[in-house]
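These notes concern the structure reproduced below.
The values are calculated or read from the model by the stated rules, or taken from the named source; none is laboratory data. Values in this document were obtained by computation on a predicted structure and should not be read as measured data. Positions of Cβ are backbone-derived with ideal geometry, glycine not excepted, and every protein chain shown enters the neighbour counts.
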Amino acid sequence: MLALLPPLLRGLASALLVSVSTVMLCLAMVPPALLKGVVRGGGLRARADRALMALAAAWVAINNAWIAAVHPQARWDVQGIDGLDPRGWYLVACNHLSAVDILVLQRVFHGRIPFLKFFLKRELIWVPVIGLAWWALDFPFMRRGKSRADMRRDLEATREACQRFRHVPTSVMNFVEGTRATPAKRARERSPYRHLLKPKVGGLSVALATMGDQFECLLDVTLFYPSRTPSFWDLLCGRMDAVVVRVQRREIPSTLRGLDAAGERARLVRLGRWLEQIWTEKDALIDSLQAAGPAAGLPRAPAQPS
């Protein structure tokens, strides 16, 4: 139905659907969020957490439905998601190209791994309605400051969130570049990569320091849009022709798990070198995907797991 509308009307209808579903589901989160804020433990808090996660999963399912309706001819090439565990614990790292990336990742991983929890800027907690949802779902909020005091506060806040993750299967997601990669940004920071910004260790370091032993592996995700990088408006209007997603499971070195205050600087150096190697391989992978040509022979999107 949506696909039959002209692009402008399709975009407006999709935007209305996204807005209404987001507001309604976020408002539905208010009662269990308030209960969670009052009750510090026990069965009531566990039931509140389950209700919140069910609402979040419903929001992703609604997004997946309208994306499929708006893009019936979109071609998806997704590899590496077989055998994942929806009851597992994963650390997820991905390159970042567009505001569309989050919805693409949620569509690819929905029902295959636990709901993705993102590192967010501290200021976003004050976003009306959605900020409450992020807080209720235990998204880690981090400051942008680089002082030692900010880093200590980030570590403590994320440690508290991750302590809760130990009891509920969780996927902690981090866009390692810290922002969307563009040619101008790559030139400004003198990136050594052809398609990527330099990886930053901050978010992954905090996650590994607080619950490194909990993660089964790192899911190294590479996103690539063969035709052109879509904007969120392009997604709403049905102008995303194809998307390529490659997921590689990587064992997390034991020397990067946990917090060793005495050797923290050395651990950060090791983490930086590990990420640089991953990013070098990711850059070469994007080179090969780009050389294959725009959307050549890509399959349709796979059926979503029930």
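What number of residues in region 216-231 are more than 18 Å from Arg10 (Cα to Cα), buried (at least 20 other Cβ atoms within 10 Å of the Cβ) and more than 16 Å from the chain's Cα centre (by Cα)? Before the answer, list the steps.
Of the residues in region 216-231, the ones more than 18 Å from Arg10 (Cα to Cα) are 216-229.
Add one more test, that the residue is buried (at least 20 other Cβ atoms within 10 Å of the Cβ), and what stays is 218-225.
Restricting the remaining residues to those that are more than 16 Å from the chain's Cα centre (by Cα) gives 225.
Total satisfying the criteria: 1.
Please state which one of Asp213, Asp234 is modelled with pLDDT under 90, under 22 Å from the mean Cα position of the chain (by Cα) and either outside any loop (DSSP other than H, G, I, E, B) or surrounded by fewer than 18 Cβ atoms within 10 Å (Cβ to Cβ) (or both). Full working, then the answer.
Numbers: Asp234 fails: modelled with pLDDT under 90.
One residue alone meets the criteria, Asp213.
Filter region 117-130 down to the residues that are surrounded by fewer than 20 Cβ atoms within 10 Å (Cβ to Cβ) and under 18 Å from Asn174 (Cα atoms) and list them by number.
Phe118, Leu120, Lys121, Arg122, Glu123, Leu124, Ile125
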- Message: For a quick check of your reading of the model, give me the residue pairs whose first member lies in region 172-192 and is of a type outside the set (A, V, I, L, M, F, W, C), whose second is part of a strand (DSSP E or B), with beta-carbon atoms closer than 8 Å and at least 6 apart or on different chains.
- Response: Asn174/Leu91; Asn174/Val92; Asn174/Ala93; Asn174/Cys94; Asn174/Phe118
- Those residues of region 208-238 that are within 17 Å of Asp77 (Cα to Cα) and in contact with a Pro (Cβ under 7 Å, 6 or more places away or on another chain) come to a total of 2
- Task: Answer yes or no as to whether Gly37 is under 30 Å from Gly212 (Cβ atoms) and not in a helix (DSSP H, G or I).
- Result: no
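How about region 237-254: which of its residues are within 15 Å of Leu91 (Cβ to Cβ) and in a helix (DSSP H, G or I)? Give the steps one after another, and end with the answer.
Applying the first criterion (within 15 Å of Leu91 (Cβ to Cβ)) to region 237-254 yields 247-254.
The answer is Ser254, and nothing else.
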- Query: How many residues are within 21 Å of Phe109 (Cβ to Cβ) and in contact (Cβ under 8 Å) with a residue 24 or more places away in the chain when one looks only at region 30-66?
  - Reply: 14
- Quick one: in region 109-129, which of the residues that are of a type outside the set (A, V, I, L, M) and in a helix (DSSP H, G or I) is nearest to Trp76 (Cα to Cα)? Phe109
- Message: Please determine whether any residue of region 286-300 is more than 30 Å from Leu9 (Cα to Cα), out of contact with any strand residue (DSSP E or B) (no Cβ under 9 Å at 6 or more places or on another chain), at pLDDT 90 or above and assigned to a helix (DSSP H, G or I).
- Response: yes
- Query: Within region 260-275, is even one residue touching a residue at least 40 places away in the same chain (Cβ under 8 Å), under 18 Å from Gly203 (Cβ atoms) and touching a Leu at 6+ places or on another chain (Cβ under 6 Å)?
  - Reply: yes
- Determine which single condition Gln248 fails, assuming it passes every other condition in (1) surrounded by 19 or more Cβ atoms within 10 Å (Cβ to Cβ); (2) under 19 Å from the mean Cα position of the chain (by Cα); (3) not β-branched (Val, Ile, Thr). (1)
- Going through region 58-87 in order, the residues found to be within 19 Å of Val247 (Cβ to Cβ) and surrounded by fewer than 17 Cβ atoms within 10 Å (Cβ to Cβ) are Gln79, Gly80, Asp82, Gly83, Asp85, Pro86, Arg87
- Query: Does Phe109 count as crowded, with 18+ Cβ neighbours inside 10 Å, farther than 23 Å from Ser19 by Cβ and in contact (Cβ under 8 Å) with a residue 12 or more places away in the chain?
  - Reply: yes
- Message: I need a count of the residues in region 112-134 that are touching a strand residue (DSSP E or B) at 6+ places or on another chain (Cβ under 8 Å) and either farther than 23 Å from Glu156 by Cβ or touching a residue at least 24 places away in the same chain (Cβ under 8 Å) (or both).
- Response: 7
- Output the residue which, of all residues in region 73-108 that are under 25 Å from Phe232 (Cα atoms) and in a strand (DSSP E or B), is farthest from the chain's Cα centre (by Cα). Arg75
- Task: Name the one entry in Arg122, Arg112, Arg87, Arg107 that is basic (Lys, Arg) and within 26 Å of Val201 (Cβ to Cβ).
- Result: Arg122
- Task: Assess whether Leu196 counts as being of a type outside the set (S, T, N, Q), crowded, with 21+ Cβ neighbours inside 10 Å, modelled with pLDDT under 90 and under 27 Å from Tyr225 (Cα atoms).
- Result: no
